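Below is one structure, written out as structure tokens; comments come after it.
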Amino acid sequence: MEQPLSRLDLNLLTVFDMLMQERNVTRAAERLHLSQSTVSHALGRLRNALDDPLFVMSRREMMPTDRAKALAGPVRQALAMLEQGLRQAKGFEPASAQRVFRIATPGSVEHGLVPPLVERMHQLAPACRLEVCELANSDYERELEKGELDLVIGFADANHLSPRLWREEWFTNPLVCLSPLGSALPDVLGPGELVSRPHIYTSSWGHSQAMVELWLARFGVARELGARLPSFMAVPQLMATGRYLVVVPEMIGRHFCRYYPLRLHQLEPAIPIVYLMAGHPLSAHDEAIGWFKSLLHLLAFERYGAAALGTPAQRNPAK
């Protein structure tokens, strides 16, 4: 007979949650800072308490039983809510807090806004740290639910994020075209001028590039691709050959034009990109994440003014 919850050691649920993530006793023990024998003993107690083997060894890893799969979601949510409640109970004081903020973001935001974000965090929350990973074609529900990420910066019309995540529009930034300095192209480019040279296609996922393709298709034209890149890193060197055009968010375009011999062209009609923040409902009332979101809204307002979409209340981080 199973033990009632009141008689179950809740520490065992932490072991169960880690075993569901790792499917390996040794790796779970390392992440929990426990010995392998302690984790094995805890698993044995869980099996007795729940009257189920929970995990069965296969050739490569421990496979969860149907009972374990059914328990996994509720246990993870319960632990996440407990972690959130403990953080909130302590409150969040930026000047003295020690916290790592983890975000997934497009390369354009990494280039355009992460450096000033890190500088502002250094001023307001010197003991806090930022970790950034590149945005991928994921719905991000699992990563946010597990606490592997705090926020995801995505695109308003990409439909790649889980509908169960909360979302806030952040700011809008149009796409622009870059040409080598001295090109004879006009300041404002239409579809015809945009396909006059081969293009550099940036990003392994390429949401903004997909929008360019849709924009050109509306006018019945297509562009030739000269190179396809996973990021913006090699763009300046390739543009130095004088052979290519590249379409990028304006914040990237202005950055490149400041440091390299490149020229910026607006597109007509414009192709706006709306960036948004997304997170898991479990973190909706986390004071630290609320402060971090406000800081992002404030930075966008300072840099883009009317193009920033946050309200005055949203961009008011506590000092």
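Which one of the conditions (1) surrounded by 17 or more Cβ atoms within 10 Å (Cβ to Cβ); (2) touching a strand residue (DSSP E or B) at 6+ places or on another chain (Cβ under 6 Å); (3) in a strand (DSSP E or B); (4) not assigned by the TED database to the domain that holds Phe155 does Met251 fail to meet, given that it meets all the rest?
The single condition Met251 does not satisfy is (3).
Quick test of your reading of the structure: Glu110 fulfils all but one of (1) part of a helix (DSSP H, G or I); (2) surrounded by fewer than 17 Cβ atoms within 10 Å (Cβ to Cβ); (3) of a type in the set (Asp, Glu). Name the failing condition by number.
Here Glu110 clears every test but (2).
Take the residues of region 32-69 that are in contact (Cβ under 8 Å) with a residue 24 or more places away in the chain and not aliphatic (A, V, I, L, M): which is surrounded by the most Cβ atoms within 10 Å (Cβ to Cβ)?
Once the filter is applied, the top-ranked residue is Phe55.
Among the residues of region 8-31, how many are open to solvent by 40 Å² or more (accessible area, probe 1.4 Å), in contact (Cβ under 8 Å) with a residue 24 or more places away in the chain and over 15 Å from Gly73 (Cβ atoms)?
5
Scanning region 185-235 for residues that are hydroxyl-bearing (Ser, Thr, Tyr) and under 24 Å from Gly112 (Cβ atoms), which turns out most open to solvent (accessible area, probe 1.4 Å)?
Ser204
When the residues of region 209-234 are filtered to those that are out of contact with any strand residue (DSSP E or B) (no Cβ under 6 Å at 6 or more places or on another chain) and in contact (Cβ under 8 Å) with a residue 40 or more places away in the chain, which remaining residue is nearest to Leu175 (Cα to Cα)?
Only one residue tops the list, namely Met211.
The values are calculated or read from the model by the stated rules, or taken from the named source; none is laboratory data. Bear in mind the structure is a predicted one, so any value in this text is a computation, not a measurement. Counting neighbours? That spans all protein chains shown, and the Cβs are built from the backbone with ideal geometry, glycine included. Ligands, DNA and RNA are stripped out before the accessible areas are found, and what is left, the full protein with its side chains, is counted by its heavy atoms. Shrake-Rupley method; radii C 1.70, N 1.55, O 1.52, S 1.80 Å.
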